[in-house]
Amino acid sequence: TRSYSGLSDLAVPAWILCASIVAPGGTLAIVVPESWLNREYALSIKYLLLKFFDIQYVVEDLNSAWFPDALVKTNLIVAKRVAFRKEFAIEPQGKYKHIRIASSLIGENSLVDNMQYLGYTGKKAFLTLLNAENDVRENGFTLKIVPTCSMVSEMVNTPAFNKLYTKLEHTKIPNASRSFPDELCTILNAHDTICPISNLQSWGFMVGQGLRTGANRFFYAESEGIEGNDEKLLVDKLFKKRHILVSKVRTKPVLRYQSDIKDSLVINSADLVTRLLYIQNDLSDTEPDLSRHIEEAENIDIVNADKTTHFQDLSAVKPNIRNVVVNGHIVNRKWYMLPVLMPRHMPALCIPRINYKEAKCILIADEDIVVDANFSTLWMSTKSQDTIYAMFAMFNSSWMRAYLETISTVMGGGALKTEASHIRQVLFPEPTVDRICCLSNMGKRLAIADISMFNEIRREIDVYLLTQLFGVDKAQEQVERLNAYLKYKITNRRR
């Protein structure tokens, strides 16, 4: 309880309280949002379960139909309490059964009224399914027997679990074999890789989130053209004077929404109309429009959390007001002076955090583009254009899109939420000079390709990746399975 993330929702303490009243030999049965499986803060719950329980069943509400008023998918978890395990097993024995139930099985009396299995119907069919000793795939339901170690290997892939493990076990996490999600490997009928696999860090990348200004209605405006050394901006309708002239050195182009991207996978400054007011020093007498704009902003009443306030008093903006030392001199920074932009705000690549269709990776073509917090961002501390293009190719492959569909969070309405914490879990073939070169060439072709060519190039990337990971024998067949699985995952979450 002292170690779980402060970002957690109420599900985490609810889990802990429920688990704490189950005696050894007793059974915990709990209905929870699906996010218990893939949110970063859920790591503490998985740790708790694997330390104190044997997981028996995970039953998944495939079409978000169990609770009509809830938009998120639901899981039922059943686990048997065991004696306290002194050590957390990195490679545990045991298996559990993961069952998916579609809305088509729901009848008047139960969620499985319309289930038919081995000659039985309804609840009897479901009870028979629970005793199955092999994987089952029938109309409206599936059962998969999952090794418990696959859950642990997914946990070990996350940096957050390494910190949690060290804090709770008072020792560093032992070396454990990395592996891809079990569900993905089963679809491909390939569990053993023929090459070493590594994470984003091994490829030289870091992952974060784009810019949060704390007051978008002030800091964001739309460009309406250049007038000499100034840019004409259309500011928020909150302001009386909608058009202001601002020095070009005070603005930066912003990738704010997915609609800015259109059908391309590459974004240029010329494609963007949103501008960031990026003020880093005091205004001069030659900037009357900007001075008046700031003065008006300080006097406008705005509503935040049902309270009337002003821009300079917003909790996310107030920290901008501080004294900093620059070149030995104290500089008094104002509320309208954002902190210095970091590499995560001006990345090489980005992925939308909320995806109704499939997730895609965007290449940032110009270094001056700021990316909004609507995107997860990827950047390199030491830039390598070839490596950037290689990563761009991999993240736009069907392999990687299926990977993200497997590990990301399904939200209400069927959208897929892909956070930085999910992207950090992703594993890749270990980088080599040859791999970077081959993938980079494919990435460069993808960057300039017409949308009609995307699928053909993606297929080449998929065949190359799967050949590198699992061998050449079944790569073509695996790509077909991969695309069918990807289509299945997207269709089911959007129902």
Filtered residues of the stretch 322-360 (kept if β-branched (V, I, T) and either open to solvent by less than 90 Å² (accessible area, probe 1.4 Å) or out of contact with any strand residue (DSSP E or B) (no Cβ under 7 Å at 6 or more places or on another chain) (or both)): V324, V325, V326, V331, V340, I351, I354
Scope the stretch 395-430; condition open to solvent by 30 Å² or more (accessible area, probe 1.4 Å) and touching a strand residue (DSSP E or B) at 6+ places or on another chain (Cβ under 7 Å); matching residues: M411, K417, E419, R424, E430
Here are some residues: T467, T432. Which one is of a type outside the set (K, R) and at pLDDT 95 or above? T432
Restricting the search to the stretch 81-105, which residues are farther than 30 Å from N63 by Cβ and aliphatic (A, V, I, L, M)? V82, A83, A89, I90
Scan (1) touching a residue at least 24 places away in the same chain (Cβ under 8 Å); (2) over 21 Å from I145 (Cα atoms) for the single condition I30 breaks and write down its number. (2)
Taking the stretch 65-83 as the search range and keeping residues that are within 10 Å of E34 (Cα to Cα) and open to solvent by 40 Å² or more (accessible area, probe 1.4 Å), which one is farthest from the chain's Cα centre (by Cα)? L76
Can you report the number of residues in the stretch 307-325 which are hydroxyl-bearing (S, T, Y) and either in contact (Cβ under 8 Å) with a residue 40 or more places away in the chain or closer than 16 Å to L338 by Cβ (or both)? 1
In the stretch 111-134, anything within 25 Å of L37 (Cα to Cα) and either in contact (Cβ under 8 Å) with a residue 40 or more places away in the chain or open to solvent by less than 40 Å² (accessible area, probe 1.4 Å) (or both) is listed as L111, V112, L129, L130, A132
Failed item, numbered, when S259 is tested on (1) open to solvent by 50 Å² or more (accessible area, probe 1.4 Å); (2) within 25 Å of S284 (Cβ to Cβ): (2)
Criterion violated by R458 - all others in (1) in contact with a Ser or Thr (Cβ under 7 Å, 6 or more places away or on another chain); (2) surrounded by fewer than 20 Cβ atoms within 10 Å (Cβ to Cβ); (3) not small (G, A, S) satisfied: (2)
Please state which one of K80, K73, K51, K95 is out of contact with any strand residue (DSSP E or B) (no Cβ under 7 Å at 6 or more places or on another chain) and of a type outside the set (D, E). K51
Might you check whether a residue that is open to solvent by less than 30 Å² (accessible area, probe 1.4 Å) and in contact with a Cys (Cβ under 8 Å, 6 or more places away or on another chain) occurs anywhere in the stretch 201-210? yes
Please enumerate the residues belonging to the stretch 44-64 that are open to solvent by 30 Å² or more (accessible area, probe 1.4 Å) and either part of a loop (DSSP other than H, G, I, E, B) or not acidic (D, E) (or both). F52, Q56, Y57, S64
Going by the structure shown, is L234 surrounded by 16 or more Cβ atoms within 10 Å (Cβ to Cβ) and either at pLDDT 85 or above or on the phi < 0 side of the Ramachandran plot (or both)? no
Filter the stretch 149-167 for residues that are open to solvent by 60 Å² or more (accessible area, probe 1.4 Å) and modelled with pLDDT of 80 or more and give the result. K163, T166, K167
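The values are calculated or read from the model by the stated rules, or taken from the named source; none is laboratory data. Worth saying up front: this structure is predicted, and the values here are computed from it rather than measured. Heads up, the Cβs are rebuilt from the backbone with ideal geometry, glycines too, and the neighbour counts pull from every protein chain shown. These area figures cover heavy atoms from the full protein model, side chains too; ligands, DNA and RNA do not enter into them. Shrake-Rupley method; radii C 1.70, N 1.55, O 1.52, S 1.80 Å.
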